[in-house]
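**Student:** Handing you this structure, nothing more for now.
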Amino acid sequence: MSQSVLKPFKAIKYLFATPKTLRYPFELKEPALRYRGFHVNDWETCTGCGNCADICPNQAIEMIEIPELVSEPGKTNKRPRIDYGRCCFCGLCIDICPPGSLKLTRDYFHIHFDPETFVFVPKDEQTEPGKYFPSDEYSVLKASLSHRRKDYDGFVSDLKYSLFDPERVPMPVVPPEERILSFIEHIIGYDREEARKEAARCLECRLCEEACPAHLKISDYIHAIFEDKPEESLKKIYEDNPIPSICGRVCMAHCEKACSLSIRGEALSIRWLKRYAADTVKDFKTALELHPGPPTGKKVAVIGAGPGGLSVAYFLRLNGYEVKVYDALPGGGGTMRTGPPAYRLPLESIDRDVDYICSLGVEFFFNTRVGKDVLFEDLLKENDAVFLGTGYTRSRSTQVKNYEKCELALAFLADTKIGKPSKVGREIIVIGGGNVALDVAREAIRLQHIQYPGEKTVVKTVSLEDWDEMPATEEEIREAREEHIQFHPAWGPKEVVVDESGKITGLQCRKVKSVFNEQGRFAPTFHEDKEMFMEGDMIIEAIGQVPDFSFIPEALFNKLEFTERKKLRVDENGMTSISRVFAGGDIVNTNMDAVTAIADAKIAAQGISRYLAGETVSA
Amino acid sequence: MRELELYFGPQHLGMVGNFSITLQVEGDRIVKATANPGFLHRGFEKLMEQRTWIQNFPLVCRINVVEPDHMELMYAMAVEKLAGIEVPERAQFIRSIYLELARVGSHLFGLWAYANMLGFDTVANWAMYHRDLILDLFEELTGGRVYHIYLWPGGVRRDFPEGFEDRIRSTLHTIGSCVPDYDDTFFHNRLFYERAHEVGKLSLEEACRMGAVGQVLRATGMKKDIRKTEPYAAYDQVDWEIPVRTDGDAYSRIWVVRDEMIESVHMIFKLLDKLPKGEAYQRIPNPFKWKIPENEVYVRCESSRGELGLYLVSEGGDKPCRAHFRTPSYSHGLTILEKALENESIADVGNIMISLYITAPEIDR
């Protein structure tokens, strides 16, 4: 090894090299594109879910209420506030942010006399103009949290590397070609492993609970499923919802629309997880350990055993009331019994929920039509309060020429599910674009395959609305298309065409110009010159439903007040304008679904309790 | 002659880091040296018990300021082993490249400290500048210059940005092209030889007995490296050599560091050539619901100062029940340092200490 005392002097050559030191602040070094500097937050997309605050290892983030923002389903008025005295710029908050609104920028200078300015609510260029400057106007000498650079994103969220899982555990389904041959339930349901895996995706931000009309404790029951305690989960569900087997299948799942995972990925399968809890627990009675409260001696009659009626009966029974439920159908469930086809909601599932409520001591009177078998006045006389949960039970008709030749949706659905299925045609036209119309179409295609096996048959739907306005859910449309149901959106029926013998030969349609007027009200207009003839030998009208109040004597009915949207007017206790008469469900709310009926029932049950305890003055 | 007791550090100018040595001297000969750790105790291992599995990531890297990356690796490997998480192949390669960059950066930092201590300021400044070039690479890859928080369980936090491989190559070429200058000015400098040769000497038998690891052990002739004996990441995918010297003095130790840096650079080139395509991250469970089954693991790796280990225990909860790091500086800074300082002159305390590559944050944690 050759050591030298002279060679080191070769380093002298560096005296003539360009210096490497930057002459700051005249020479600046641009931070890297992924630099983890100060935060920005897009207030438009931020949901205020608080996941950033939950994951922060230094408790540097606090969610603070912003008075000028309004909370709405799926969005709170809270926004993160960051304490730069604690923040370590690790970026965990970025990787957990479901909407990806929170970002780190490449700015890293803040010089200020006031330590309070280090506690900072990040906004972005849009929400906070005047604090962000393009690079030619930016001066590093003024650099601070209120003098920052425009378009200077650094470390941003990347779905591929996010800390949450944007993808659902796929739900096993019966393939379309197999399921259209029978009424077999086509959603198979999660097994234990799948359910736990799906439940593990929940971030527990509770945005869903605000969005749910009945405010179920969703995060808690999902957490119990994750912990492999379906009984605990069911207990949590039963605190707010006594019909989990039904809701676990047909709920409109307002919660999933609010789920923070749904913003950039797929929402948590909250509905299917509820179904998992209800289906896994074999014996509700031992699992739930619920008992009716001490008897109050008060009696309540419930008219209609639909979701609203069942729920109000359940809540009141738990409070010790004597509850009698009257329904014209041979079993419980109301519209749930007749409407949703068996492949979505089998009768056994409905009966499980009804049987449990029955086991708590609620008395059911089925096949009993109020107004005929028992009089409304008598119920009002015999009971301390009456709850109306009669729903929308009559189909509306298009009233076009020869409309009386058509079948009506609700009757068709009821016959198929609990009666004798009608003889269907080979070429069926369903008028309507909502979920009921698609239920009808999908039931019709199954009946065709049963009644004409191997033959060429077809089901078509005609709707006023175009694809983008169609009221049916996306899921329902996708499944219907998988089953080869033909869609004819933006066509309106003009006339039912019949031959000399009075048999239907088809439907004359007109092209729709627009469905809604400028105020957003339903007021369809048509192109008079664009017409189409659609062949068919059977037409089913599924364009909406109306309530039936014929059971209420006229004198009393006249006392009932209605809103401008033709809904029963109720007060904050769920009481109608007739004293002691409460109401809920489709006849009251505009959502017209099961879970909103449960929400109404909760209000009414509390209202009835308060009223009968003498806490409120009669209307 | 009269015996004196001297305090070397933590305020002493010759001390690097928050560390102190009590010296009993006779003239300028050291009779006995006693290491005094404890100035940098931050309670990391206890803090880790109070944070969730994911929240510990920004924490572990801070245990060792000089080289956070191997701390990240240890924690990621331990969690992966506890939770049974597979790491994609590409992520393994990225990890190796990243860790070797960290090793070069850390060695350059060490070289700065050592050269500075001996008064070779020119070389020290070069080393600091070249380390900065590596920090630039880290900044581009991870968004942070010093604390990268990049090794996640399940892989790495982000894939290489577009064209990053070429920038690694060109940066390493820039640094590599200066190796002759480093050699002429420092490694082959007679003054360096005179200052370091036969200083702080350690025999192979002593090194083994006192738990020496890393280049301290390799400078005494033992060919041992965890990357060879228990390969992790992608170290078994490429050929490389373990540099060894036999004298066991400060001079050998610094030469091993130099050779290791060059071997690491060669290894990075080989790894880059073989870098497979595919995913760089296997998604970990939802951090808010992440519970790891009850178990305990011990994992180890070869950090730039030697064998680094982590004992991690899970009680089935969302937080570790116990974490304990076995760090190389612990044995180097306490037992070996005391032995190596015996009979040396006061002027060589810093020389020996830095040649043993002692970093105070590793001892205290």
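**Student:** Could you tell me the distance between the Cα centroids of the stretch A:35-83 and the stretch A:541-575, to the nearest Å?
**Tutor:** Taking the Cα centre of each part, the stretch A:35-83 and the stretch A:541-575 sit 43 Å apart.
**Student:** How large is ³J(HN,Hα), in whole Hz, for each residue of the stretch B:9-22 in order, when computed from phi with the Karplus curve 6.51 cos²θ - 1.76 cosθ + 1.60 and θ = phi - 60°, using x for Gly and Pro?
**Tutor:** Each residue of the stretch B:9-22 in turn: x, x, 8, 4, 5, x, 8, 9, x, 8, 8, 9, 10, 8 Hz.
**Student:** Could you give the distance between the Cα centres of the stretch B:1-42 and the stretch A:514-539, to the whole Å?
**Tutor:** 94 Å
**Student:** Hey, which lysines would be in cross-link range of A:LYS142, C-alpha to C-alpha under 21 Å, not counting anything within fewer than 8 residues on its own chain?
**Tutor:** Output for A:LYS142: A:LYS29, A:LYS123, A:LYS131, A:LYS150.
**Student:** So, one more: Under 1.5 on a/c is rounded, so check that first for the stretch B:1-142, then, if it is not, pick prolate when a/b is larger than b/c and oblate when it is not; a ≥ b ≥ c are the square roots of the alpha carbon gyration tensor eigenvalues.
**Tutor:** Numbers: a/c = 3.12, a/b = 1.61, b/c = 1.95.
Verdict is oblate for the stretch B:1-142.
**Student:** Now, a different point. List the longest stretch of chain A that has no exposed loop site; here a site is one of the chymotrypsin sites (Phe, Trp or Tyr not before Pro) assigned by DSSP to anything other than H, G, I, E or B, with at most 13 other Cβ within 10 Å.
**Tutor:** The answer is A:114-619.
**Student:** Roughly what % antiparallel, to the nearest 5, for the DSSP beta bridges in chain A?
**Tutor:** Numbers: 35 of 69 bridges.
Roughly 50 percent of the beta bridges in chain A run antiparallel, per DSSP.
**Student:** Is there a quick way to get the dipole size of the stretch A:125-249? I mean about its Cα centre, with the Cβ of Lys and Arg at +1 and of Asp and Glu at -1; what is the value in debye to the nearest 20?
**Tutor:** Roughly 320 debye for the stretch A:125-249.
**Student:** Here's something else I'd like to know. Tell me which GluC sites (Glu not before Pro) from the stretch B:96-171 have a DSSP coil assignment and no more than 14 other beta carbons within 10 Å of their own.
**Tutor:** The qualifying sites are B:GLU162.
**Student:** Search the structure for amide H atoms under 5 Å from the amide H of A:SER463, placed 1.01 Å from N in the peptide plane, and list their residues when 5 or more places away or on another chain.
**Tutor:** A:GLY432, A:HIS488, A:ALA490, A:TRP491
**Student:** Under a 5 Å amide H to amide H cut-off, with H placed in plane at 1.01 Å, what residues pair with A:ILE64 once short-range neighbours are removed?
**Tutor:** The answer is A:ARG79, A:ARG81.
**Student:** Based on the alpha-carbon gyration tensor of chain B and its eigenvalue square roots a ≥ b ≥ c, which shape applies: rounded if a/c is under 1.5, prolate if not and a/b is larger than b/c, or oblate? The partial results should precede the final answer.
**Tutor:** Details: a/c = 2.03, a/b = 1.37, b/c = 1.48.
Oblate is the answer for chain B, as a/c is 1.5 or above yet b/c matches or exceeds a/b.
**Student:** Something else now. Let's see if you can work this out: charge +1 on each Lys and Arg Cβ, -1 on each Asp and Glu Cβ, no other charges. What is the dipole magnitude of the stretch A:176-288 about its Cα centre, in debye to the nearest 20?
**Tutor:** Working: 18 positive and 21 negative charges, 34 e Å.
Computed about the Cα centre, the dipole is about 160 debye.
**Student:** Write out the trypsin sites (Lys or Arg not before Pro) in the stretch B:240-328 meeting two conditions: DSSP loop, and at most 10 other Cβ atoms within 10 Å of their Cβ.
**Tutor:** Working: sites: B:ARG245, B:ARG253, B:ARG258, B:LYS270, B:LYS274, B:LYS277, B:ARG283, B:LYS289, B:LYS291, B:ARG300, B:ARG305, B:ARG322, B:ARG326; in loops: B:ARG245, B:LYS277, B:ARG283, B:LYS291, B:ARG305.
Here the sparse-neighbourhood loop sites are B:LYS277.
**Student:** Moving on to the next point. For B:GLU80, A:GLU167, which order do you get if you count the other beta carbons within 10 Å of each Cβ and list the fewest first? Kindly include the intermediate steps, with their values, before the conclusion.
**Tutor:** Working: B:GLU80 20, A:GLU167 11.
Sorted ascending by nearby Cβ count, the order is A:GLU167, B:GLU80.
**Student:** Given the options A:HIS223, A:SER311, A:MET171, identify the residue whose Cα lies farthest towards the positive end of the charge dipole of the stretch A:171-316 (+1 on Cβ of Lys, Arg; -1 on Cβ of Asp, Glu).
**Tutor:** Going by the Cα projections, it comes out as A:SER311.
**Student:** In Å and on Cα atoms, what radius of gyration and Dmax does the protein assembly as shown show?
**Tutor:** 37.9, 135
**Student:** Answer with one residue from A:VAL498, A:ALA480, A:LEU464: the one whose Cα lies farthest towards the positive end of the charge dipole of the stretch A:464-533, charges on Cβ with Lys, Arg +1 and Asp, Glu -1.
**Tutor:** Value: A:VAL498.
**Student:** Could I ask something else about it? From the phi of every residue in the stretch B:40-56, what ³J(HN,Hα) in whole Hz does the Karplus formula 6.51 cos²θ - 1.76 cosθ + 1.60 yield, where θ is phi - 60° and glycine or proline is x?
**Tutor:** 10, 6, 10, x, 4, 5, 6, 4, 5, 6, 9, 10, 5, 3, 7, 5, 6
**Student:** With an 8 Å cut-off on Cα pairs and a minimum separation of 6 or more residues, tell me the relative contact order of the stretch A:19-163 in percent.
**Tutor:** Values: 254 pairs, mean separation 45.1, N = 145.
Reported relative contact order: 31 percent.
**Student:** Send over the Kirkwood Rh of the stretch A:176-288, from the inverse of the averaged 1/r over different Cα pairs, rounded to one decimal Å.
**Tutor:** On the way: mean 1/r = 0.0700 Å⁻¹.
Roughly 14.3 Å, rounded to one decimal.
**Student:** A follow-up question, please. What ³J(HN,Hα) values, in whole Hz, does the Karplus curve 6.51 cos²θ - 1.76 cosθ + 1.60 give for the stretch A:178-188 when θ = phi - 60°, with x put for Gly and Pro?
**Tutor:** Once θ is set to phi - 60°, the couplings for the stretch A:178-188 become 8, 6, 6, 8, 8, 9, 4, 5, 8, 8, 6 Hz.
**Student:** Which residues' amide hydrogens lie under 5 Å from the amide hydrogen of A:PHE582, considering only partners 5 or more residues apart or on another chain, with H built in the peptide plane?
**Tutor:** Hits under the 5 Å cutoff: A:VAL386, A:PHE387, A:LEU388, A:THR576.
**Student:** In addition: What's the center-to-center distance, using Cα atoms, between the stretch B:118-178 and the stretch A:307-354 in Å?
**Tutor:** What the calculation gives is 67 Å, centre to centre.
**Student:** Which of the trypsin sites (Lys or Arg not before Pro) found in the stretch A:512-550 are in a DSSP loop and have at most 12 neighbouring Cβ atoms, other than their own, within 10 Å?
**Tutor:** On the way: sites: A:LYS513, A:ARG521, A:LYS530; in loops: A:ARG521.
Sites meeting the loop and neighbour criteria: A:ARG521.
**Student:** With charges only on Cβ, +1 for K and R and -1 for D and E, what is the dipole size of the protein assembly as shown about its Cα centre, in debye, rounded to 20?
**Tutor:** Values: 122 positive and 148 negative charges, 109 e Å.
Computed charge dipole of the protein assembly as shown: roughly 520 debye.
**Student:** Run the reach check for B:LYS277 against lysines, Cα to Cα strictly under 22 Å, same-chain hits fewer than 8 apart removed. What comes back?
**Tutor:** A:LYS160
**Student:** If the reach is capped at under 16 angstrom between alpha carbons, list the aspartates and glutamates near A:LYS417, excluding any in the same chain fewer than eight residues apart.
**Tutor:** Straight-line reach from A:LYS417, under 16 Å: A:GLU185, A:GLU348, A:ASP351, A:GLU407, A:ASP439, A:GLU443.
**Student:** May I ask which residue of A:VAL570, A:ILE55, B:PHE8 lies farthest towards the positive end of the charge dipole of the protein assembly as shown, with charges of +1 (Lys, Arg) and -1 (Asp, Glu) on Cβ and the Cα centre as origin?
**Tutor:** B:PHE8
**Student:** Distance check, please: which entries in A:LYS503/A:LYS530; A:LYS75/B:LYS81; B:LYS270/B:LYS339; A:LYS75/A:LYS236; A:LYS235/A:LYS324; A:LYS229/A:LYS298 exceed 30 angstrom between their Cα atoms? Could you put the intermediate results ahead of the total?
**Tutor:** On the way: A:LYS503/A:LYS530 25 Å; A:LYS75/B:LYS81 39 Å; B:LYS270/B:LYS339 39 Å; A:LYS75/A:LYS236 24 Å; A:LYS235/A:LYS324 24 Å; A:LYS229/A:LYS298 37 Å.
Pairs exceeding the cut-off: A:LYS75/B:LYS81; B:LYS270/B:LYS339; A:LYS229/A:LYS298.
Where a number appears in this text, it was derived from the coordinates with a stated rule and is not lab data. The structure presented is a predicted model; accordingly, all values stated were derived computationally and were not measured. All Cβ positions, even for glycine, are placed from backbone atoms using ideal geometry, and neighbour counts span all protein chains on display.
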